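Quick notes on the structure that follows.
The values are calculated or read from the model by the stated rules, or taken from the named source; none is laboratory data. Treat the numbers as computed from the prediction; the structure is a model and nothing was measured. Ideal geometry is used to build each Cβ from the backbone, glycine not excepted, and the neighbour counts take in all protein chains shown. The accessibility values were calculated without ligands, DNA or RNA, using every heavy atom of the protein model including side chains. Shrake-Rupley method; radii C 1.70, N 1.55, O 1.52, S 1.80 Å.
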Amino acid sequence: MGKGLFITFEGLDGAGKSTQIQRAKEIFVQKGYDVVITREPGGTEISEKIRSIILDNNNDEMGFVTEALLYAASRAQHVFEKIKPALDDNKVVICDRYVHSSIAYQGYGRQLGAERVMEINKHAIDGIMPDLSFFILLPTEKALERLMKSQRELDRLEVEEVDFFKRIEEGYNEIADTYDNIVKIDASKSVDEISEQIKYWIDKKGF
Ligand code: TYD
């Protein structure tokens, strides 16, 4: 394996991941690294095609195992075609979501279980786990508050969707306590406070 660094960002939407990913890129560029930014599901042509199948609203009959396998298939191509070669080339790869998303969404959200989801992903990740993952999280109540606020005009939020969302948040917290190299960050902090924490951890890790 190369000497590159693999950094991932996780959390529910609206947590400000994209801004922080850009800021993390600047931190690494200043340190003299070559940086590749990518995302999941997607990141390569084939992976993006799989993404469109996963996210297609017409595919409402999709089973949860199929969904988990498709995320894993998209990831397998991404690791093979983009992530691994960049790491072998000593680059810093910053990825918006990775396997922790599958554990949180499919494992906890869809209730397939974390172990089953990791088993499904074993071949996809090819032994590559992040050197550092930032979980930008809100306490469930606050996250729900934000969600309610943002959807007030729609005036509809099914109980099932709220429970799904709750399970994902809980999942992320459990994952952060179980797996290595994960830093939890409170998404209710300001953008600057969050990026300061990110810089602190990048420095602390000696990158
Ligand atoms: P993303 O591109 O982050 O969505 P958005 O641009 O809306 O933030 O991811 C698409 C959705 O896929 C998002 O709801 C999270 C979900 N997801 C999973 O359920 N499992 C996974 O393994 C990944 C990577 C994403």
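Brief remarks follow.
- Taking first residues from segment 131-144 that are crowded, with 21+ Cβ neighbours inside 10 Å and partners that are at pLDDT below 75, the Cβ contacts under 9 Å between residues at least 6 apart in sequence or on separate chains come to ILE136/ALA15; LEU137/ALA15; LEU137/ALA143; ALA143/GLY14; ALA143/ALA15.
- Where helices (runs of 4 or more DSSP H) sit wholly within segment 60-122, those with at least 1 residues that are crowded, with 24+ Cβ neighbours inside 10 Å occupy 64-78, 99-102.
- Breaking point among (1) more than 8 Å from the ligand (Cβ to nearest atom); (2) open to solvent by 30 Å² or more (accessible area, probe 1.4 Å); (3) assigned to a helix (DSSP H, G or I), for ASN57: (3)
- Considered as a group, the residues in segment 188-207 that are basic (Lys, Arg) and touching a residue at least 12 places away in the same chain (Cβ under 8 Å) include one that is surrounded by the most Cβ atoms within 10 Å (Cβ to Cβ), and that residue is LYS199.
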